[in-house]
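Bear in mind these aren't lab numbers, they're just calculated from the coordinates by the rules spelled out. Computed from a predicted structure; not experimentally measured. Glycine gets a Cβ as well: all are built from the backbone with ideal geometry, and neighbour counts include every protein chain shown.
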Amino acid sequence: MSDIDEGLRSELQRQGIWVTSMQELYNWGRKNSIWPLQFGLACCAIEMIATAASRYDIARFGGEVFRPSPRQADLMIVAGTVTKKMAPQIVRLYNQMPDPKYVISMGACAISGGPFKQGYNVLKGIDRYIPVDVYIPGCPPRPEALLHAFMELQRKIDEQKLTGAGKAEHLDPDQPSEFPVPAFGGHDLEPAANADIFRPMKMERNQ
Amino acid sequence: MMESLEQIKSQIESAILGAKIDIVPNAGPSQQSSLLIDNGHARKVAKFLRDHPALRFDFCTNATGVDWLERVVTKKVKVKKIVEGTEKEEEETQQEKIPGYLEAVYHLYSIEHKHGPIIIRLRTDDRGEGTRLPSLTPIWRSAEFQEREIFDLYGIRFEGHPDLRRILMWDEFKDYPMRKDYREPDDYEYEPTPHDDVLEKAKQHYAPRPQLDGAENITAQP
């Protein structure tokens with residue numbers, strides 16, 4: 001798109017000639033038809049349902065087609081508490097989704113374990129196993145927050161490049177699109193986090 | 001109106017030979033004392049409570065576990081002693097060591113007579129190998145999942161249970177998380193404002209704050 005002068009483009013548009021690029025057209029189509037995977041884990045799912053229903057109406061953004069199969073879904077909304085017993089199934093569903101795929105981590109539990117963080121049975125954030133595109137804080141976040149995250153994701157998709165050096169992750173053959181499924185261990189999930197993608201914050205105590 | 005716990009206890013003891021029932025008093029505001037039933041006669045006693053026409057406890061609403069760690073109880077006991085030829089009564093403090101055990105607690109109601117609850121307890125021998133109790137699922141079907149939960153979280157093995165498996169945790173899990181000596185796996189993660197137990201964990205995971213030389217308390221004079 002950078003090859004065409006903005007002024008020329010605008011002039012052409014005034015004359016009824018619409019000039020675009022493959023990348024822009026492709027991203028425009030993708031960002032306006034994000035189909036989420038239909039599953040919910042806890043109370044956040046109720047807010048997600050409200051977002052999908054007529055009052056908030058996620059259909060305005062092209063995301064109303066909740067798919068019951070990961071094979072047809074573009075977006076995974078991790079809406080709620082991920083227990084350690086559920087985590088392998090979530091990762092498996094993510095692996096079964098075709099590229100390009102995106103993840104919204106919705107609510108305090110999905111981000112970090114939330115109020116259950118110090119417990120034994122709740123995963124301390126789904127980003128321990130799969131890469132997350134947008135995080136929504138809240139307990140649970142309101143539907144407006146989910147819509148905001150959805151729009152953030154649309155912005156992100158719009159900026160993805162199809163070619164060149166900084167092209168989108170899903171077009172890079174070296175980028176993994178599947179991640180190892182954790183196993184049920186004797187005391188915890190094994191491994192407790194995927195070290196390749198999980199970068200926890202460090203506490204600075206020496207300042 | 002339901003009969004008193006003492007009356008129920010004597011009814012059970014006269015109906016079932018050899019049944020040993022203790023009343024565990026609860027001095028709290030609820031005043032809900034409970035019956036401690038010996039494991040050998042537990043199923044017979046349960047059947048009696050369910051089927052006796054005046055009692056008819058036909059509904060088990062709740063079954064749960066309790067973990068009692070080994071504890072020391074100090075008691076004041078009057079001891080007779082012979083001091084200089086005369087017998088004297090002296091008070092002595094004795095310490096009694098009570099070994100740990102696990103309990104299963106059942107709350108029973110009668111839908112037919114609209115009375116209840118009555119609370120019965122079963123007690124294991126210890127917290128190690130002897131954590132076995134008779135299952136009351138054959139008497140009250142509603143106890144099935146709850147006994148599985150007790151097995152999952154406390155590790156009490158219910159003998160005679162039709163399907164004793166873990167229900168909340170995965171099958172490969174080895175610990176019993178609701179026991180008081182359980183420690184969760186240490187996968188500590190950054191906390192912005194650690195406190196209490198979390199602060200203790202945080203200290204283990206980070207180098208201690210360097211010794212300060214006192215200069216940080218000196219403020220510039222205007």
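Place the peptides B:22-32, B:171-181 in order of packing, highest mean first, counting for every residue the other Cβ atoms within 10 Å and averaging per peptide.
Most protected by this proxy first, the peptides run B:171-181, B:22-32.
Give me the compactness ratio for segment B:129-193, meaning the Cα radius of gyration over 2.2 N^0.38 Å. Let's see the in-between values first.
Working: Rg = 14.9 Å, N = 65, 2.2 N^0.38 = 10.7 Å.
Rounded to two decimals, the normalised Rg is 1.39.
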key: Cβ-placed point charges (K, R +1; D, E -1), dipole of segment A:140-207 about Cα centre in debye, nearest 20   = 300 debye
task = Could you work out the per residue convex hull volume over the alpha carbons of segment B:100-221, in cubic angstrom?
result = 220 Å³
query = Based on the mean of other beta carbon atoms within 10 Å per residue, what is the order of B:139-147, B:111-119, B:66-74, most packed first?
reply = B:139-147, B:111-119, B:66-74
request  = May I ask for the angle, rounded to the nearest 10°, between helix A:143-158 and the longest principal axis of chain A, with both axes built from Cα atoms and the value confined to 0 to 90°?
outcome  = 60 degrees
task = Please compute P(r) over all alpha-carbon pairs of chain A, binned at 10 Å starting from zero, and give each bin as a whole-number percent.
result = 8, 30, 32, 19, 8, 3, 0
task = Work out the mean other chain Cβ neighbour count within 10 Å for the residues of B:179-189 and drop it here as an integer.
result = 4
ask   = Lysine pairs, Cα distance under 14 Å, 8 or more residues apart or cross-chain: how many in chain A?
value = 8
query = For chain B, what mean projected area does the convex hull of the alpha carbons give, in nm²?
reply = 25.9 nm²
key: Rounded to whole Å, sorted largest first: equivalent-ellipsoid semi-axes of segment A:2-65, Cα gyration tensor   = 38, 13, 8
inquiry  = Need one value for B:52-59: mean number of C-beta atoms belonging to other chains within 10 Å of its residues' C-beta atoms.
reply    = 0
ask   = Given the options A:64, A:11, A:159, which has the most mean-square fluctuation in a GNM of chain A, springs set between C-alpha atoms less than 10 angstrom apart?
value = A:11
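For the pair residue A:199 and residue A:148, what calculated FRET efficiency results from E = 1/(1 + (r/R0)^6), where r is the Cβ-Cβ distance and R0 = 22 Å, to the nearest 0.05?
Efficiency at R0 = 22 Å is approximately 0.35.
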request  = Could you tell me what fraction of 2.2 N^0.38 Å the Cα radius of gyration of the protein assembly as shown comes to, as a two-decimal ratio?
outcome  = 1.44
remark   = Once the in-chain neighbours fewer than 8 apart are removed, the lysines whose Cα is under 19 Å from residue B:47 read B:9, B:20, B:114
key: Percent of C-alpha pairs per 5 Å bin, segment A:150-207, short to long   = 4, 13, 12, 13, 17, 15, 12, 10, 3, 0
remark   = Rounded to the nearest 10 degrees, the helix A:87-96 long axis (Cα) sits at an angle to the longest Cα principal axis of chain A of 30 degrees
ask   = Among A:116, B:14, A:59, whose Cα lies farthest out toward the positive end of the dipole of the protein assembly as shown, if unit charges sit on the beta carbon of Lys, Arg (+1) and Asp, Glu (-1)?
value = B:14
inquiry  = Based on C-alpha coordinates, I'd like the Rg and Dmax of segment A:49-111, in Å.
reply    = 12.5, 35
query = Considering every residue in B:161-174, what mean count of other chain Cβ atoms within 10 Å of its Cβ is obtained?
reply = 3
note = Between the alpha carbon centres of segment A:119-150 and segment B:138-194 the gap in Å comes to 27 Å
remark   = To the nearest 10 degrees, the tilt of helix B:5-15 (Cα long axis) against the first principal axis of the alpha carbons of chain B is 50 degrees
note = Once the dipole of the protein assembly as shown is set up from charges on Cβ (+1 Lys and Arg, -1 Asp and Glu), the residue from the list B:135, B:173, B:115 lying farthest towards its positive end is B:115
query = DSSP loop chymotrypsin sites (Phe, Trp or Tyr not before Pro) in segment A:128-185 with at most 13 other Cβ atoms within 10 Å of their Cβ, which ones?
reply = none
